[in-house]
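**Student:** Sharing a structure, written as structure tokens. Questions coming.
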Amino acid sequence: MKNAEVITKITTTSGLIDYDKTYKEFSWEAIKKEFSLTNNRVNIAFEAIDKHANNWRKNKIALYWEGADGSLQKYTFSELKRLSDKCANMLKTLGVKKNDRVFIFLPRIPELYISIIAIAKLGAIAGPMFSAFGPDAVRDRLQNSEAKVLITTPELKERVDTILWELPKLERIVLVNNKEDYELEESDVCYKTLIKDASDKFNMECSDLEDPLYILYTSGTTGKPKGITHVHNDMLSHYITTKWVLDLRDDDIYWCTADPGWVTGTVYGLWGPWLNGISIYVFDGRFDAAKWYEIIQTYGITVWYTAPTALRMLMKAGDDVIKKYDLSSLRYICSVGEPLNPEVIRWGLKVYDLPIHDNWWQTETGSILIANYPCLPIKPGSMGKPFPGIKAAIIDNKGNELPVGQQGLLAIKPGWPSMMRKVWGDEKRFKEYFNIDGWYTTGDTAFKDEDGYFWFIGRADDVINTSGHRVGPFEVESALLEHKAVAEAGVIGKPDAERGEIIKAFVVLREGFTPNHELEEELKKFIKHRLAAHAYPREIEFCHNLPKTRSGKIMRRLLKAREMGLPTGDLSTLED
Ligand code: ATP
Ligand code: MG
């Protein structure tokens, strides 16, 4: 069993106060009643934007935006309503209809957010993509989804010019930030020009909560990204998980550091907070520790949702930089995307005086399913407990539930509102998720402890089998991180004639440490001592960085393929 470390620093909340009682009494029907759904208003954009533009929040700032060059903009809920109505009318004149796919290849500029709302208003399907994608990643997505319209900038369009001939279904390209002297091609149109003339009154389309809303491709950590398709009904999950897990309230200034090209940036970067009428902050710049702290100070960020990779980078940047900023506005921090190493939580407690709340979900699940809550103690290294309305279990490969403490497949009982409705163009892959006795299988392995907390072991494919012991890479990575020299680690199983597999660790060192044989031996000894004799890495390789996806996840499959000299597979989502 895991260590018994518990953080009991419980945060005050106006949201979820009694977990057990709420879990027992919860019903999705009751949540649905919080929405004003009528025949002509069954649309997430109505609930997230127009509703607030028509009530007391109309002049509340919905979006604080900061560009990479330091430019600033602010939008109220009523401005977002007006601009998204205009954008919807513009797209309509371009022939966009219900169910058409409109893909967005933009930096994190306001038009990205406005387009996503507008596409929802049309009942069309939005496909946000990371602006750092290369031509292959864009082609795969536009081809698979048969997108009709692409919204991009002249600069980004240049990057995909070479693949446009491979996209016969693409009819139009809308160019944002078009320069006067830029020569438009025949099929291209200028956003600024068209939006100027578009009417600012739009009649929303969408009549059924089951109408599709967006397609997001998975991060590509384990293989080729899948086109996960979600519907308007997701809003029930978005709304209530944002309220109870991120603990957002009306006076918050909330910063989700994720790009909408990753599901976190779409669900909790805009829909979740706006369904709750919350002001969000968006930064269209790169990671920089000092800049990030300056943002928190300047905007008075109160709730911050980020990822383990960012937290590890902040930890690597050291504690001195933190002392230069006033971070007292922060009241709540959450993390998602990868396992959150206990050492990072301990560090967060020390430097921010706040516990970091880890939570687990997937592109396929459409919302947070397992989480740490303000009202419950945190066990560092655990993802927390199932959200009310969610039945999670550890099962064997026949679907039997396994007892407390036993490792197995993490599975969920289907039927929560934001569960994916299809894998675009791949019915077979969709069905595979459900082929164990009525469960939705996640592809992750985990175990549950005696208090009902879930502990992540690894991707089912990443679990290492060494001399008959099953070892999760996360456990070894987290133990390595506890050593003062280690900034980051990626661990894989390397085939070995004698032991089946041996553990190999790729280690990035902190500033001021140099790779050498002594340090290698010291780390091995350190892990042997912390974990177990069988769990120490027999091989350690020092490196400058680890391969990661655009969403910031360590790509262990790539470390392994390189190690074994095998084909590296789909790398379209690899970070630079
Ligand atoms: P692909 O499915 O293409 O391989 P991916 O699984 O990384 O990519 P996402 O949907 O972005 O795509 O990520 C979901 C996965 O991220 C989960 O299945 C899990 O492995 C990991 N994950 C997310 N949050 C956590 C967490 N809090 N702790 C541990 N793992 C997490
Ligand atoms: Mg996945």
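The values are calculated or read from the model by the stated rules, or taken from the named source; none is laboratory data. What you see is a predicted model, and the numbers here were worked out from it, not measured in a lab. Cβ coordinates were reconstructed from backbone atoms using ideal geometry, including for glycine residues, and neighbour counts include every protein chain displayed. Surface areas here come from the heavy atoms of the whole protein model, side chains and all, with no ligands, DNA or RNA. Shrake-Rupley method; radii C 1.70, N 1.55, O 1.52, S 1.80 Å.
**Student:** How large is ³J(HN,Hα) for each residue in region 303-319, as worked out from phi by the Karplus curve 6.51 cos²θ - 1.76 cosθ + 1.60 (θ = phi - 60°), to whole Hz, x for Gly and Pro?
**Tutor:** Along region 303-319, the couplings run 10, 10, 10, 9, 10, x, 4, 5, 5, 5, 5, 5, 5, 5, 5, x, 8 Hz.
**Student:** Scan around CYS256 for amide H atoms under 5 Å from its own, H built in the peptide plane at 1.01 Å from N, and keep only partners 5 or more places away or cross-chain.
**Tutor:** TYR281, TYR305
**Student:** Placing unit charges on C-beta atoms (Lys and Arg positive, Asp and Glu negative, everything else neutral), compute the dipole magnitude of region 464-564 about its Cα centre in debye, rounded to 20.
**Tutor:** 440 debye
**Student:** Heavy-atom accessible area per residue, the chain, 1.4 Å probe: how many Å²?
**Tutor:** Heavy-atom SASA per residue in the chain reads 40 Å².
**Student:** Please list, in order along region 244-258, the HN-Hα scalar couplings obtained from phi with the Karplus expression 6.51 cos²θ - 1.76 cosθ + 1.60 (θ = phi - 60°), rounded to whole Hz, x for Gly and Pro.
**Tutor:** With the stated coefficients, region 244-258 comes to 9, 8, 7, 6, 6, 10, 4, 8, 7, 10, 10, 10, 9, 7, 7 Hz.
**Student:** How far is helix 110-121 tilted off the main Cα axis of the chain, in degrees rounded to 10, range 0 to 90?
**Tutor:** 70 degrees
**Student:** Additional query: Quick check for me: using +1 on Lys/Arg Cβ and -1 on Asp/Glu Cβ, what's the dipole size of the chain about its Cα centre, in debye to the nearest 20?
**Tutor:** 920 debye
**Student:** Residue by residue, what Karplus-based ³J(HN,Hα) values in Hz, rounded to whole numbers, does region 545-561 have, using 6.51, -1.76 and 1.60 with θ = phi - 60° and x for Gly and Pro?
**Tutor:** Running phi through 6.51 cos²θ - 1.76 cosθ + 1.60 with θ = phi - 60° gives 7, 10, x, 9, 7, 4, 8, x, 9, 5, 8, 5, 5, 6, 4, 5, 4 Hz.
**Student:** Take the solvent-accessible surface of the protein heavy atoms, probe 1.4 Å, and return the percent of it on the chain that carbon and sulfur atoms account for.
**Tutor:** Carbon plus sulfur share of accessible area: 48 percent.
**Student:** If one puts a single equal scatterer on every Cα of region 223-302 and applies the Debye formula without solvent, what log₁₀ I(q)/I(0) results at q = 0.13, 0.23 Å⁻¹?
**Tutor:** After summing over all Cα pairs, the log10 values are -0.45, -1.10.
**Student:** Can you order the peptides 300-307, 122-129 by their average number of other Cβ atoms within 10 Å per residue, highest first?
**Tutor:** 122-129, 300-307
**Student:** Mind pulling the per residue volume of the convex hull built on the Cα atoms of region 60-197? Å³ is fine.
**Tutor:** 107 Å³
**Student:** So, one more: From the convex hull of the Cα coordinates of region 226-363, what is the mean projected area in square nanometres?
**Tutor:** 8.1 nm²
**Student:** Put a dot 7 Å past each Cα toward the Cβ at ASN59 and LYS24; how far apart are the dots in nm?
**Tutor:** About 4.7 nm, to one decimal.
**Student:** At what distance in angstrom do the alpha carbon centres of region 234-268 and region 17-66 lie from each other?
**Tutor:** Their Cα centres are 12 Å away from one another.
**Student:** By how many nm would the segment from THR11 to GLU186 lengthen if fully extended, with 0.36 nm per residue of separation less the alpha-carbon distance?
**Tutor:** Contour length minus the Cα-Cα distance gives 57.3 nm.
**Student:** Provide the percentage of antiparallel DSSP beta bridges, counting only those with both residues in the chain; round to the nearest 5.
**Tutor:** Expressed as a percentage, antiparallel bridges in the chain total about 55.
**Student:** Using a simple charge model, +1 on the beta-carbon of Lys and Arg, -1 on the beta-carbon of Asp and Glu, nothing else, what dipole does region 189-247 show about its Cα centre, in debye to the nearest 20?
**Tutor:** Values: 6 positive and 8 negative charges, 73 e Å.
With Lys and Arg at +1 and Asp and Glu at -1, about 340 debye.
**Student:** Using only Cα atoms, what Kirkwood radius does region 464-564 have, in angstroms?
**Tutor:** On the way: mean 1/r = 0.0734 Å⁻¹.
One decimal place: 13.6 Å for the Kirkwood radius.
**Student:** Would you mind computing the Rg to Rh ratio of region 411-514 from its alpha-carbon coordinates, Kirkwood style for Rh?
**Tutor:** 1.09
**Student:** A further question on this structure: Note down the Stokes-Einstein diffusion coefficient of the chain in µm²/s, whole number, using a Kirkwood radius over alpha carbon pairs, 20 °C, and 1.002 mPa s.
**Tutor:** 87 µm²/s
**Student:** So, one more: Could you tell me the accessible area of MET235 in Å² (1.4 Å probe, neighbours in place), rounded to the nearest ten?
**Tutor:** Counting only protein heavy atoms, MET235 exposes about 0 Å² to solvent.
**Student:** Grab the DSSP H runs of the chain that are 4 residues or longer, score each as -39,500 (n - 2.57), total them, divide by all residues and round the 222 nm result to the nearest 500 deg cm²/dmol.
**Tutor:** Helices in the chain give a 222 nm mean residue ellipticity of -7500 deg cm²/dmol.
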